[in-house]
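Reviewing the structure listed below.
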Amino acid sequence: TVKGVTIKAEKLSAYNLTVETDHTYFIKGANSDLDGVWVHNDCFLDKPKQKVNTTQPGDIVRTPDSHPDDFVKLRGGQKYKNKNTNEIWEKSRTSHSDKNGEWKVGLNGRDPIDTKKITIGRSDGKVIKFNGK
């Protein structure tokens with residue numbers, strides 16, 4: 001709940017920061033424990049419906065975890081098909097790059113295989129790496 005807002009007409013310095021997560025955080029003022037600002041980092045939940053095959057490592061994409069309505073579960077329950085892009089997603093059996101596990105996405109609408117896949121982090125939907133692209 002916001003209890004009040006104060007607007008001050010004064011010069012301020014601006015900084016561009018890159019952060020690992022998509023959450024809200026507080027940046028403390030340089031000269032005081034009272035100065036500072038709350039910042040809300042861009043949410044990956046609002047990312048457009050784009051093909052993972054057109055992304056770069058570091059990009060954030062919609063996943064079966066963050067947007068289950070974008071996907072249909074395929075037979076066996078371990079694979080999913082993105083209804084918007086027709087890409088095949090599979091839960092990885094490893095968690096080398098993301099503590100919460102990984103998604104593997106096949107190249108060009110095919111099933112992911114060891115030599116041809118894109119790895120996505122389950123915790124944040126971040127594209128980790130490409131194999132065989």
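The values are calculated or read from the model by the stated rules, or taken from the named source; none is laboratory data. Just so it is clear, the structure is predicted and the values come from calculations on it, not from any experiment. Ideal geometry is used to build each Cβ from the backbone, glycine not excepted, and the neighbour counts take in all protein chains shown.
One table, with the values for the structure above:
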| quantity | calculated |
| --- | --- |
| Within segment 58-76, tally of residues that are in contact with a strand residue (DSSP E or B) (Cβ under 9 Å, 6 or more places away or on another chain) and over 18 Å from SER123 (Cα atoms) | 3 |
| Residue in segment 57-101 that is farthest from the chain's Cα centre (by Cα), counting only those that are of a type in the set (D, E, K, R) and exposed (fewer than 15 other Cβ atoms within 10 Å of the Cβ) | ARG75 |
| Some residue of segment 108-119 being part of a loop (DSSP other than H, G, I, E, B), at positive phi, surrounded by fewer than 17 Cβ atoms within 10 Å (Cβ to Cβ) and free of Cβ contacts under 8 Å to residues at least 24 places away in the same chain | no |
| Segment 56-70, residues that are more than 23 Å from ASN131 (Cα to Cα) and out of contact with any helix residue (DSSP H, G or I) (no Cβ under 9 Å at 6 or more places or on another chain) | PRO68, ASP69, ASP70 |
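Listed here are the residues, each with its yes/no results for (1) over 29 Å from VAL5 (Cβ atoms); (2) modelled with pLDDT under 95.
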site	(1), (2)
TYR15	no, yes
ASP22	no, yes
GLY36	no, yes
ASP42	no, yes
GLU90	yes, no
SER97	yes, yes
ILE113	yes, yes
